[in-house]
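The values are calculated or read from the model by the stated rules, or taken from the named source; none is laboratory data. Computed from a predicted model, the values in this text were never measured in an experiment. Counting neighbours? That spans all protein chains shown, and the Cβs are built from the backbone with ideal geometry, glycine included. Heavy atoms of the whole protein, side chains included, go into the accessibility calculation; ligands, DNA and RNA do not. Shrake-Rupley method; radii C 1.70, N 1.55, O 1.52, S 1.80 Å.
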Amino acid sequence: KDNTGGILGYMYSAITQVQNIDLENSMITGNNYVGGILGYGGGQYLTSNNNQITGKSYVGGISGQTAYSWTSNYLETNSCKITATGSYIGGISGKAFSHLQYVNVIHTEIESTSVNAQNVGGIHGEPTGYGISYFQVKDTNIMSKGTNIGGILGITNGEGVINYGYVQNVTIEGA
């Protein structure tokens, strides 16, 4: 149940290339590290469109967690429903260990249903030491009964740069 992705569950090596993938009209369900395309890993030119992604923790529209040193650029989550009962939930990834560029989250619902949930964001639940550049979160609803909820990030550890982006027509609801 852990490491569940619409295309690949776990990317073991940075040498592996995941590129130019569109996943549409699918249901992806797992426990931890659940993503529309990758349970754990990163890639380029990845689109998750009209998918339902459900898990416990580390849940994202593209990847449950992006991994160290993988390039993750040109990522889009569009018209998806992302639901989790735990922590680290995001429109792109639940947790990130890579810098992201050119990312979009559009017409998406991101929801954590537990009062114990933490770190729910429009792009990431939490980036760890990396930033985000050239992004948009648009026409999206972000809801959590827990803590640390944001239009871009649920929480940040103080490292990395967030620049060249915008949040438009987004509803953020904490309980």
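Cβ separations smaller than 6 Å between residues 6+ apart or across chains give the following pairs from the stretch 105-122 residues that are in a loop (DSSP other than H, G, I, E, B) to residues that are surrounded by fewer than 20 Cβ atoms within 10 Å (Cβ to Cβ) and at pLDDT below 95: Val115/Lys145.
The listed residues are Gly125, Gly64, Gly42, Gly94, and the only one of them that is crowded, with 24+ Cβ neighbours inside 10 Å, among the small types (Gly, Ala, Ser), within 12 Å of the chain's Cα centre (by Cα) and assigned to a loop (DSSP other than H, G, I, E, B) turns out to be Gly42.
Residues checked against (1) touching a Lys or Arg at 6+ places or on another chain (Cβ under 8 Å); (2) farther than 19 Å from Gly150 by Cα; (3) of a type in the set (Lys, Arg):
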| site | (1), (2), (3) |
| --- | --- |
| Asp22 | no, yes, no |
| Met27 | no, yes, no |
| Gly30 | yes, yes, no |
| Tyr33 | no, yes, no |
| Tyr45 | no, yes, no |
| Thr83 | no, no, no |
| Thr108 | yes, no, no |
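Answer yes or no: is there a residue in the stretch 154-169 that is modelled with pLDDT under 95 and either closer than 19 Å to Tyr40 by Cα or crowded, with 24+ Cβ neighbours inside 10 Å (or both). Yes - at least one qualifying residue is present in the stretch 154-169. Within the stretch 67-81, the set of residues being open to solvent by 40 Å² or more (accessible area, probe 1.4 Å) and over 19 Å from Gly151 (Cβ atoms) comprises Tyr68, Ser69, Thr71, Tyr74.
When Lys81, Lys95, Lys145 are screened for being in contact with a Ser or Thr (Cβ under 7 Å, 6 or more places away or on another chain), among the charged types (D, E, K, R) and within 25 Å of Gln44 (Cβ to Cβ), only Lys95 passes.
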